[in-house]
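Encoded as structure tokens, the structure appears first; notes follow it.
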Ligand code: ATP
Ligand code: MG
């Protein structure tokens, strides 16, 4: 069974989608079979992997609401080992339409169950809220990867996120782990950055990834070409950082195998 990782933080613009796109692509480049799931109505993961959201119907909406098999929604990407479940604007309605449905928090878990076994990693990009779409992702996931933008307010909202993780563990998914906290948009040159890195490492201790993602113009440009950074400019600092993150994740997985 593949490892299902939700990329979540209810704070907007912290690098969730950039991380989901580029981690998925880097794992695929390492020849792991990867499924990228766009659980955000903004559809940035979908467009970041080269699909126009308007063209991509049916999307995750149909899987969550109409119980359309996820298998029928899969679309290929430019990378051989990377497959996408696209989203589109319809998914905005799902947040409300899920409310009266049976097992509303488990719709994504149920949708993924028949296909997850075909992948080594399933990476879910969450929207910037703690609503039902994010809760569905957390209920389906083995772990959550939390991107934190390296700025003065990095830890703002983290207690709310931690409380949600705790509630999800108690009510829906007892084995949900923290895969790691990822510092994004890091600018090593400033004192503030050093201070924020220090605070985040004090708060999350060994849960913080060694890898830090620097501010990189290439990372910000790549989505407008519908490409992950490794296909846009593999020599950029941003591409390198996400390749390194993938290696860190893969070696964590190997270590876990040796734990009795
Ligand atoms: P949302 O909450 O809206 O879904 P998000 O958390 O998914 O946002 P992204 O879309 O990944 O965040 O990033 C926000 C913006 O910052 C985007 O324009 C993205 O290109 C840019 N960005 C992300 N990471 C970096 C980076 N390391 N260097 C430079 N720009 C970055
Ligand atoms: Mg996003």
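The values are calculated or read from the model by the stated rules, or taken from the named source; none is laboratory data. Being a predicted model, the structure only gives us computed values, none of them experimental. Glycine also receives a Cβ, built like all others from the backbone with ideal geometry; neighbour counts cover every protein chain displayed.
Could you tell me which numbered condition residue 15 fails, if it satisfies all but one of (1) at pLDDT below 95; (2) within 24 Å of residue 130 (Cα to Cα)?
Only one criterion is unmet by residue 15, namely (1).
Among the residues of the stretch 108-141, write down those that are more than 16 Å from ligand 2 (Cβ to nearest atom), buried (at least 18 other Cβ atoms within 10 Å of the Cβ) and not in a helix (DSSP H, G or I).
119, 120, 121, 122, 141 - these are the residues of the stretch 108-141 that are more than 16 Å from ligand 2 (Cβ to nearest atom), buried (at least 18 other Cβ atoms within 10 Å of the Cβ) and not in a helix (DSSP H, G or I).
For the stretch 13-35, name all the residues that are at negative phi and away from ligand 1 (no atom under 13 Å from the Cβ). Write out each step before concluding.
So in the stretch 13-35, the residues at negative phi come out as 14, 16-30, 32-35.
Answer for the stretch 13-35, where residues must be at negative phi and away from ligand 1 (no atom under 13 Å from the Cβ): 25, 26, 27, 28, 29, 30, 32, 33, 34, 35.
Each row is one residue, and each column tells you yes or no for (1) more than 15 Å from ligand 2 (Cβ to nearest atom); (2) not in a strand (DSSP E or B).
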site: 6; (1), (2): no, no
site: 14; (1), (2): no, yes
site: 18; (1), (2): no, yes
site: 45; (1), (2): no, yes
site: 50; (1), (2): yes, yes
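Checking residue 100 against (1) in contact with a strand residue (DSSP E or B) (Cβ under 8 Å, 6 or more places away or on another chain); (2) more than 20 Å from residue 17 (Cβ to Cβ), which single condition isn't satisfied?
(1)
Show the residue pairs meeting these rules: Cβ distance below 7 Å; 6+ apart or different chains; first residue within the stretch 8-27 and farther than 18 Å from residue 222 by Cα; second residue more than 12 Å from ligand 2 (Cβ to nearest atom) and assigned to a helix (DSSP H, G or I).
8/137; 8/138; 9/161; 10/160; 10/161
Looking at the stretch 171-247, what helices (runs of 4 or more DSSP H) fall wholly within it and have at least 1 residues that are closer than 18 Å to residue 161 by Cβ?
Result: 191-204.
Report yes if residue 92 is within 15 Å of the chain's Cα centre (by Cα) and either surrounded by 17 or more Cβ atoms within 10 Å (Cβ to Cβ) or part of a helix (DSSP H, G or I) (or both), otherwise no. Walk me through it before giving the result.
Values: within 15 Å of the chain's Cα centre (by Cα): no; either surrounded by 17 or more Cβ atoms within 10 Å (Cβ to Cβ) or part of a helix (DSSP H, G or I) (or both): yes.
Answer is no for this residue.
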